[in-house]
Amino acid sequence: MKASILSDKDYQNGLFQNLKGEINTLLDHKGFETEFMEIGQGDLAFCMGCFGCWTKKPGECMVSDRMASINRKFVQSDVFIYLSPVVFGQFSANIKNALDRWIPNILPFFEVRPDGSTMHPSRYDALPKVIIIGYGDGLLEEDVQLFTDITKKHRRGVEVFVYQGEHEKISGEFSAMNFGKVGPEL
Amino acid sequence: MKNVVLLSASPKVNEPSVSKYLAGMVGDRLDASEVEKTYIDVRQSMMKHQIQRDFEALSEADALVIVFPLYVFCMPGILTRFLEDYYKFRSENNKTASNAKVYAVVNCGFPESEINLEAVRVIRSFCRHIGANFRFGVMIGGGGMFLAAKEAPFMKKVMAKLEEALSAIAKDISGEDRGDLNDIQIAMKFPRRLYLFMGNAGWGVLARKNGLHKKDLYKKPYLLNE
């Protein structure tokens with residue numbers, strides 16, 4: 001079983017090191033082979049909204065940079081974890097950029113989900129379990145709630161929580177999750 | 001004289017941008033004799049290395065209108081970078097609370113306007129962090145149709161509603177405070193199923209233009225063993 005972890009090179013404080021260490025230990029106990037990937041400012045181009053990944057080179061971004069290998073890792077992992085600083089209740093710029101440029105992995109078409117909302121279908125029949133973990137010291141309650149809502153209100157099957165250094169938070173959250181590939185429902 | 005910054009943040013390069021168009025619509029409603037308008041396009045600001053100059057303009061603004069498309073349910077990465085760096089600029093330059101009035105105008109390609117809500121909340125949070133005065137947001141669904149169909153008869157009511165919403169921003173900036181600070185939602189008056197059908201058909205047309213067949217759109221390049 002393969003786990004990939006994407007983190008922000010520009011926010012690697014003590015809290016981040018604790019988070020990373022704990023996750024590494026927990027995944028190790030579960031028998032995962034874990035790969036860490038870090039992105040910093042300037043490592044990835046910004047999405048240009050060109051839709052080339054849908055209509056010119058389907059499934060691949062037109063820009064050749066590290067995002068191609070990150071997207072390949074996404075598809076080929078059993079678990080994919082984003083570690084993002086919570087900035088204005090959202091992802092940091094580096095992580096948000098990686099999320100924008102994840103869209104080669106979905107199809108251009110619209111589909112209507114059971115709750116009536118619109119979404120694009122997955123390009124692949126099986127996806128990694130996605131876990132999004134926000135972190136930050138002394139975060140405002142509104143920002144923690146917003147970080148959760150951004151994902152939970154719009155995505156199915158994605159786990160999200162915010163870590164502020166609480167003892168045993170990560171093991172508690174992980175114990176309630178199923179690990180391994182999931183279906184294509186986004 | 002009030003300083004107003006109209007910030008548009010479409011990540012597109014050299015393509016028509018709904019965000020820029022909407023920022024222009026707000027600007028057109030501001031009286032030039034009372035207001036000094038500064039238009040900033042985030043992509044251009046970065047490409048032309050004008051970020052420091054533009055951060056200064058932002059920090060001196062009495063009002064800031066942030067217009068952007070929804071990307072994966074929140075702000076595009078390029079705008080996130082700009083605002084994150086602006087926050088650092090403020091800290092490094094010991095800027096005190098901004099007090100600027102701030103507005104968010106968000107448009108999305110999906111027909112539902114309410115999915116823009118979290119993006120508006122992010123701008124609200126940004127304002128809390130810089131001490132600015134968030135006023136209200138305008139959330140637009142079906143934004144992909146605006147530039148192509150704005151003159152069409154079925155768009156008349158929606159365009160009127162949009163103009164009203166953007167005028168509400170202009171008036172609020174000018175001092176006629178809008179009593180109601182709830183966000184304004186604007187959705188296409190267009191059958192949703194038809195919108196989705198047309199959208200889906202459009203991708204096949206684009207594929208053919210690029211020399212692909214419709215089935216090519218479903219390629220799975222990262223599948224193991226393919």
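If you go through segment A:82-104 one residue at a time, do you hit one that is in contact (Cβ under 8 Å) with a residue 24 or more places away in the chain, surrounded by fewer than 18 Cβ atoms within 10 Å (Cβ to Cβ) and either among the aliphatic types (A, V, I, L, M) or over 30 Å from B:ARG128 (Cβ atoms) (or both)?
There is no residue in segment A:82-104 that is in contact (Cβ under 8 Å) with a residue 24 or more places away in the chain, surrounded by fewer than 18 Cβ atoms within 10 Å (Cβ to Cβ) and either among the aliphatic types (A, V, I, L, M) or over 30 Å from B:ARG128 (Cβ atoms) (or both).
Mind telling me which of the residues A:ILE170, A:ILE131 ends up being part of a strand (DSSP E or B), in contact (Cβ under 8 Å) with a residue 40 or more places away in the chain and more than 14 Å from chain B (Cβ to nearest Cβ)? Can you show your working first?
Values: A:ILE170 fails: part of a strand (DSSP E or B).
None of the other options fit; the residue is A:ILE131.
Taking segment A:157-179 only, how many residues are of a type outside the set (Val, Ile, Thr) and surrounded by 14 or more Cβ atoms within 10 Å (Cβ to Cβ)?
Result for segment A:157-179: 8.
May I ask you to say which residue of B:ILE123, B:ILE115, B:ILE78, B:ILE140 is of a type in the set (A, V, I, L, M, F, W, C), modelled with pLDDT of 95 or more and out of contact with any Leu (no Cβ under 9 Å at 6 or more places or on another chain)?
B:ILE78
Which residues, taken from segment A:137-152, are in a helix (DSSP H, G or I), facing chain B (nearest Cβ under 9 Å) and hydrophobic (A, V, I, L, M, F, W, C)?
A:LEU146, A:ILE150
Looking at segment A:1-17, I want the residues that are closer than 19 Å to A:ASP43 by Cα and have a partner that is of a type in the set (D, E, K, R) and not in a strand (DSSP E or B) with Cβ atoms under 8 Å, at least 6 apart or on another chain. Which pairs are those?
Going by the 8 Å Cβ cut-off, the qualifying pairs are A:SER4/A:LYS73; A:ILE5/A:LYS20; A:SER7/A:LYS20; A:LYS9/A:ASP43.
Please count how many residues of segment B:73-89 are surrounded by fewer than 20 Cβ atoms within 10 Å (Cβ to Cβ) and at the interface with another protein chain (Cβ under 7 Å from one of its Cβ atoms).
Here the count works out to 0.
Just for helices (runs of 4 or more DSSP H) wholly inside segment B:138-226: which have at least 3 residues that are within 14 Å of another protein chain (Cβ to nearest Cβ) and more than 22 Å from B:ALA23 (Cα to Cα)?
Passing ranges, in order: B:192-209.
On the basis of being crowded, with 17+ Cβ neighbours inside 10 Å, over 21 Å from B:TYR39 (Cβ atoms) and touching a residue at least 60 places away in the same chain (Cβ under 8 Å), does B:SER125 make the cut?
Numbers: crowded, with 17+ Cβ neighbours inside 10 Å: yes; over 21 Å from B:TYR39 (Cβ atoms): yes; touching a residue at least 60 places away in the same chain (Cβ under 8 Å): no.
So B:SER125 does not fit the description; no.
Filter segment B:49-72 down to the residues that are within 14 Å of chain A (Cβ to nearest Cβ), touching a residue at least 12 places away in the same chain (Cβ under 8 Å) and not aliphatic (A, V, I, L, M) and list them by number. Explain how you work it out, then say what you get.
At the first step, the residues of segment B:49-72 found to be within 14 Å of chain A (Cβ to nearest Cβ) are B:49, B:51, B:66, B:68-72.
Still in the running and touching a residue at least 12 places away in the same chain (Cβ under 8 Å): B:51, B:66, B:68-71.
Hits for segment B:49-72 are B:PHE68, B:PRO69, B:TYR71.
If you scan segment A:15-68, which residues turn out to be part of a helix (DSSP H, G or I), of a type in the set (Gly, Ala, Ser) and either surrounded by 16 or more Cβ atoms within 10 Å (Cβ to Cβ) or in contact with a strand residue (DSSP E or B) (Cβ under 8 Å, 6 or more places away or on another chain) (or both)?
If we filter segment A:15-68 for residues that are part of a helix (DSSP H, G or I), which is where we start, we get A:15-29, A:52-55, A:67-68.
Now restrict to residues that are of a type in the set (Gly, Ala, Ser): A:21, A:52, A:68.
Correct list: A:GLY52, A:ALA68.
The values are calculated or read from the model by the stated rules, or taken from the named source; none is laboratory data. If you're wondering where the values come from, they're calculated on a predicted model, not measured in any experiment. Because the Cβ atoms are built from the backbone with ideal geometry, glycine has one as well, and the counts that use them run over all protein chains shown.
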